[in-house]
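Data first, discussion second: the structure below is written as structure tokens.
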Amino acid sequence: MKKILILAAAVCCFAGLAFAQPRPADKPAPDPATTPDSYQARYEGGVFGASAKEKGTIKFDDANSRVVFFREGEKEMFSIPYESLLTVFPDSKDSVPQSGKVISALPLPGAGLAGLMNKSTKYANLTFDDPDFDAKGTASFRFDDKALLLAFIHKLGAKAKLKQRGDAYYRPKGSAIY
């Protein structure tokens, strides 16, 4: 009986040690000074008056303290002032491509495995409070590369003087917006 109690106490001690693992170190944010000032992206929606999905370029306009989206052909589509940004955060959606859906529906052996194909799409979401007509919105931009997405978010968060939490940035409650 004494051996069982000693063994149980030893197991409890080792079980307690297993939970005391250190938290992994956070990755440092890229230096905003070394990242580019323009990014290729696709606007997915969220801004009042700009409902069409468009490919284009997001650029930082430091002279006017805003981020600007240009359609292909360098025509300005809209801009969002830095001080109206509330949150800036990355997002991703996993889905099965249309070709995988079609192939998985074919009456062939093994065709159902095509439904396991996976495509991950990366987005930057910008939540803002529009001072022109007192409305909130969330603009969404699709990026092809995760590294460029994170570089854009970190640079925008630094320029807009937002507070960082993980890969996201936010404006704390009570801080001045305008």
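Only the coordinates and a few stated rules stand behind these numbers; no lab work does. The structure presented is a predicted model; accordingly, all values stated were derived computationally and were not measured. Cβ: placed from backbone, ideal geometry, glycine included. Neighbour counts: every protein chain shown.
Annotation: peptides 70-76, 138-144, 98-104, ranked by per-residue average of other Cβ atoms within 10 Å with the highest first, follow the order 138-144, 98-104, 70-76. Ranking of ILE153, ILE6, ILE80 by neighbouring Cβ atoms within 10 Å, starting from the fewest: ILE6, ILE80, ILE153. Annotation: the residues LYS53, LYS122, sorted from fewest to most other C-beta atoms within 10 Å of their own C-beta, follow the order LYS53, LYS122. Segment SER38..LEU106, full-extension length gain: 20.1 nm, with 0.36 nm per residue of separation and the alpha-carbon distance subtracted. Taking other C-beta atoms within 10 angstrom as a stand-in for reagent exposure, LEU113, LEU85 fall in the order LEU113, LEU85, fewest first. Per-residue packing, averaged as other Cβ atoms within 10 Å, sorts the ranges 38-46, 158-166 into the order 38-46, 158-166, beginning with the highest.
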